[in-house]
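S.K.: First, the structure itself, so that you have it in front of you.
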Amino acid sequence: MQVTGQIQQVREFVKTWRKQGQTVALVPTMGYLHEGHGSLITRARQENDKVVVSIFVNPMQFGPNEDLASYPRDLEKDRAYCESLGADLIFHPEPEEMYHEGFSTYVDMSILTEELCGLSRPVHFRGVCTVVSKLFHIVQPDRAYFGEKDAQQLAIIRHMVDDLNMDVEVIGCPIVREEDGLAKSSRNTYLSAEERKAALILSQTIELGKQLVAEGEKDADSLVAKMKENIEKEPLARIDYVKAVNGLTMQQQKNIESPLLVAMAVYIGKTRLIDNFIL
Ligand code: AMP
């Protein structure tokens, strides 16, 4: 496995692979890898000849009061993990390599980015679309792998690829959870022991939501109200949002009908966690 921070080197590796007729996958991450990322890398490994994992804590997708400086990083551990899963290349650029002086071009999507996480993180998806679009241009992958954990991000990337005629197949992978149900996240490391217990309220409420739908709940507002009520029972939890939206457009939905995304962001102490289910 190779590791590079240089765009030019990535291009050279990919050029060589292409000459050999090999297919190339990209798994974009911010590092501090866990089994959620691992599931993406493993799937990419199964479906492609070469797997590139990008590890880049993208400053552009963090707001001024967010956790850019404190975001956990451990390149050595990530390197060993990627190697154990059979990745071929880690692309780990410095911010200056991705955003040279005078950088001024952005990929800015409307509508889908204005709901859910876009409301509380106004610059987030512009940063995500811009960096993913840059990564697609640098690596030119056949396939790119994203987690359903970030369901809005996945929908936005699919929409961007379609709108801008990008020649890449976007593959969504299911949420990987801890044994007790908490969705795996690099940010779980921020939680104290007490908060870690309280954080179970997210996955428990997702289970409640699924159960209500299975039992025949038809009204989105009523579903969301019951889910919110459940979260409010946990004293350490503060709701950012709980919403039922159309899974493609991210617009609020009245009825429980497919394609439906029921998504939440909840603060446990100072840590903002997300979870969802898709119908
Ligand atoms: P991040 O490093 O948090 O930006 O995540 C990189 C990719 O891994 C994104 O496509 C995420 O959706 C995906 N991912 C993160 N956590 C999980 C998880 N628990 N299950 C599945 N995919 C995940």
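The values are calculated or read from the model by the stated rules, or taken from the named source; none is laboratory data. On a predicted model such as this, the values are computed, not experimentally measured, just so you know. Don't worry about glycine lacking a Cβ; one is built from the backbone with ideal geometry, like all the others, and counts go over all protein chains shown. Calculation scope for accessible area: heavy atoms of the full protein, side chains included, ligands and nucleic acids excluded. Shrake-Rupley method; radii C 1.70, N 1.55, O 1.52, S 1.80 Å.
S.K.: Scan the range 37-49 for residues that are of a type in the set (S, T, N, Q) and either open to solvent by 30 Å² or more (accessible area, probe 1.4 Å) or within 10 Å of the ligand (Cβ to nearest atom) (or both) and jot them down. Explain how you work it out, then say what you get.
M.R.: First, pick out the residues of the range 37-49 that are of a type in the set (S, T, N, Q): 39, 42, 46, 48.
Of everything in the range 37-49, those that are of a type in the set (S, T, N, Q) and either open to solvent by 30 Å² or more (accessible area, probe 1.4 Å) or within 10 Å of the ligand (Cβ to nearest atom) (or both) turn out to be Ser39, Thr42, Gln46.
S.K.: Still on this structure, please answer the following. What strands (runs of 3 or more DSSP E), lying completely within the range 172-279, carry at least 3 residues that are within 16 Å of the ligand (Cβ to nearest atom) and not basic (Lys, Arg)?
M.R.: Working: elements: 237-246, 260-268, 271-278.
Strands (runs of 3 or more DSSP E) meeting the threshold: 260-268, 271-278.
S.K.: If you don't mind, there's one more thing I want to ask. If you check every pair at least six apart or on different chains, which have Cβ atoms under 9 Å apart with a residue in the range 180-202 that is within 15 Å of Tyr71 (Cβ to Cβ) and open to solvent by 30 Å² or more (accessible area, probe 1.4 Å) first and a residue that is not in a loop (DSSP other than H, G, I, E, B) and not β-branched (Val, Ile, Thr) second?
M.R.: Arg187/Arg272; Arg187/Leu273
S.K.: Another question, then. Mind checking which residues of the range 89-115 are within 19 Å of the chain's Cα centre (by Cα), open to solvent by 50 Å² or more (accessible area, probe 1.4 Å) and among the β-branched types (Val, Ile, Thr)?
M.R.: Ile111, the sole residue that qualifies.
S.K.: Is it true that some residue in the range 50-63 is over 19 Å from the mean Cα position of the chain (by Cα) and either under 30 Å from Thr23 (Cβ atoms) or open to solvent by less than 20 Å² (accessible area, probe 1.4 Å) (or both)? Even if it seems obvious, please write down each step before you answer.
M.R.: Just the residues of the range 50-63 that are over 19 Å from the mean Cα position of the chain (by Cα), to begin with: 50.
After this cut, where a residue has to be either under 30 Å from Thr23 (Cβ atoms) or open to solvent by less than 20 Å² (accessible area, probe 1.4 Å) (or both) as well, the list is 50.
Checked the range 50-63: at least one residue is over 19 Å from the mean Cα position of the chain (by Cα) and either under 30 Å from Thr23 (Cβ atoms) or open to solvent by less than 20 Å² (accessible area, probe 1.4 Å) (or both).
S.K.: Spot the failing condition for His159; the list is (1) farther than 23 Å from Ile206 by Cβ; (2) in contact (Cβ under 8 Å) with a residue 40 or more places away in the chain; (3) within 13 Å of the ligand (Cβ to nearest atom), and only one is missed.
M.R.: Single failed check for His159: (3).
S.K.: Are any residues in the range 114-152 part of a helix (DSSP H, G or I) and more than 30 Å from Val10 (Cα to Cα), and if so, which ones?
M.R.: Residues of the range 114-152 that are part of a helix (DSSP H, G or I), as a first pass: 114, 117-120, 124-139, 148-152.
Across the range 114-152, the qualifying residues are Glu114, Cys117, Gly118, Leu119, Ser120.
S.K.: Here is a follow-up. When the residues of the range 21-36 are narrowed to those that are open to solvent by 30 Å² or more (accessible area, probe 1.4 Å) and touching a residue at least 12 places away in the same chain (Cβ under 8 Å), which ends up nearest to the ligand (Cβ to nearest atom)?
M.R.: Filtering the range 21-36 for residues open to solvent by 30 Å² or more (accessible area, probe 1.4 Å) gives 21-23, 30, 32, 34-35.
Still in the list and also touching a residue at least 12 places away in the same chain (Cβ under 8 Å): 22-23, 30, 32, 34-35.
Working: Gln22: 23, Thr23: 20, Met30: 4, Tyr32: 7, His34: 7, Glu35: 7 Å.
Applying the filter and picking the extreme gives Met30.
S.K.: Being in contact with a helix residue (DSSP H, G or I) (Cβ under 6 Å, 6 or more places away or on another chain) and part of a loop (DSSP other than H, G, I, E, B) is the filter here, so list the residues in the range 45-67 that pass it.
M.R.: Asn58, the sole residue that qualifies.
S.K.: Is it the case that the range 86-103 has a residue that's more than 30 Å from Asp240 (Cα to Cα), among the aliphatic types (A, V, I, L, M) and part of a loop (DSSP other than H, G, I, E, B)?
M.R.: Initially, the range 86-103 is screened for residues more than 30 Å from Asp240 (Cα to Cα), giving 86-94, 96-103.
Applying the additional criterion that residues be among the aliphatic types (A, V, I, L, M) yields 87, 89-90, 98.
Adding the requirement that they be part of a loop (DSSP other than H, G, I, E, B) leaves 87.
Yes; the residues of the range 86-103 include at least one that is more than 30 Å from Asp240 (Cα to Cα), among the aliphatic types (A, V, I, L, M) and part of a loop (DSSP other than H, G, I, E, B).
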